[in-house]
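Only the coordinates and a few stated rules stand behind these numbers; no lab work does. Please read all numbers here as calculations on a predicted model, not as lab measurements. A quick note on method: Cβ atoms are made from the backbone with ideal geometry, for glycine too, and the neighbour counts reach across all protein chains shown.
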Amino acid sequence: MNLPSKLFELQKVANKLYAAQKRIFDIDQILKNNKELHAATSAFEQAKKDATLKDFHVREKAEQEKELQNKISLSESTLYGGMVKNPKELQDLQKELSSLKKRAKQFENEHLELMSQLEAAKKTLEEKEQNLTDVKSKLEQQAITLVAEKEELANQIKISNQEYLVTSTGLPENMKKIFEDLFRTKKGKAVAIIDEGACSVCGLSIRESQIQQIKSSNQIVYCPSCGRMLFIE
């Protein structure tokens, strides 16, 4: 196996290793920063605040109604108790009682509307709570699967690391460094196959003399366009 062939095989191993490492990184990000869980939690907390606020308004309106009814009872007792004889005072009491009863009717309507809003808020809260429970349950199962996958990937990385060491054995240190630098900068494509006389990555036509040089020697030929090492199967 000549040097270009050896580097091409090393690239295959490096790509397996990189893919496994990237997948582990992606899994860690999924487990740490789950947008679906954050959204479900935020929606539940907002619904909880809304329901709590509407419950407060309902209880506040009920207290106001109670106070108003006490005033009405007192006004009726004063008006019909026979203690007030003055026609003007009686007329004023009747006006006040009429006004209080109008306000009581308005309060009753407002109270009913607030209760309706509270019921809707409670229903929304139940829905958001159930959704949060469902999301947590789903993510727990997903986490089990992802953790198992991560463990499998960790084992694959151990195997690939060993395979990388074996495959790179015998490579000159300077050539190994050049390969690894290109692998990083060229996004996993340090070595490009010559396909139908052209670089398979950038498409530049390769001279026949260079193709023969790759086939017959250990010398590395670089693509004049993209700078990758060239290999022909």
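What's the percent breakdown of Cα-Cα distances in segment 49-115 across 10 Å bins, shortest bin first?
Bin by bin from 0 Å, the calculated values are 20, 38, 23, 13, 5, 1.
Roughly how many Å is it from the Cα centre of segment 1-24 to that of segment 120-156, as a whole number?
35 Å
Can you give me the long-range amide H partners of R228? Hydrogens built in the peptide plane at 1.01 Å from N, cutoff under 5 Å, separation of 5 or more residues or another chain.
Here the answer is C223, since their amide H atoms fall under 5 Å of that of R228.
What list do you get for E173, E163 if you sort them by fewest beta carbons within 10 Å?
In increasing order of surrounding Cβ atoms, one gets E173, E163.
Let's see if you can work this out: charge +1 on each Lys and Arg Cβ, -1 on each Asp and Glu Cβ, no other charges. What is the dipole magnitude of the chain about its Cα centre, in debye to the nearest 20? Don't jump to the answer; show the numbers that get you there.
On the way: 37 positive and 35 negative charges, 111 e Å.
It comes to approximately 540 debye.
Report, in listed order, any pair from K71/K105; K12/K187; K85/K105; K102/K122; K35/K187 with a Cα-Cα distance greater than 21 Å.
K85/K105; K102/K122; K35/K187
Hey, if you put +1 on the Cβ of every Lys and Arg and -1 on every Asp and Glu Cβ in segment 120-213, which of I178, A198, I159 ends up farthest toward the positive end of that dipole?
Working it through, the farthest residue towards the positive pole turns out to be I178.
Using a/c under 1.5 as the rounded threshold, could you call the chain rounded, prolate or oblate? The axes a ≥ b ≥ c are square roots of the C-alpha gyration tensor eigenvalues, and prolate needs a/b larger than b/c, oblate otherwise.
Details: a/c = 7.94, a/b = 4.57, b/c = 1.74.
Cα axes put the chain in the prolate bin.
Order the peptides 145-151, 226-232 from the highest to the lowest mean number of other Cβ atoms within 10 Å of their residues.
226-232, 145-151
On a full-extension model of 0.36 nm per residue, what is the gain between F56 and T133, subtracting their alpha-carbon distance, rounded to one decimal in nm?
25.1 nm
Note down the relative contact order for the chain as a percent, whole number, built from C-alpha pairs under 8 angstrom at least six residues apart.
Result for the chain is 32 percent.
If the chain between K105 and T169 were fully stretched, how many nm would it gain, using 0.36 nm times the residue separation less the Cα-Cα distance?
Stretched out fully, the K105 to T169 stretch lengthens by 13.8 nm.
Could you compute Rg(Cα) / (2.2 N^0.38 Å) for segment 34-145, with N its residue count?
Relative to the rule-of-thumb radius for its length, segment 34-145 sits at 1.86.
Rounded to the nearest Å, what's the spacing between the alpha carbon centres of segment 181-213 and segment 34-109? Just the number, please.
Taking the Cα centre of segment 34-109 as reference, the centre of segment 181-213 is 83 Å away.
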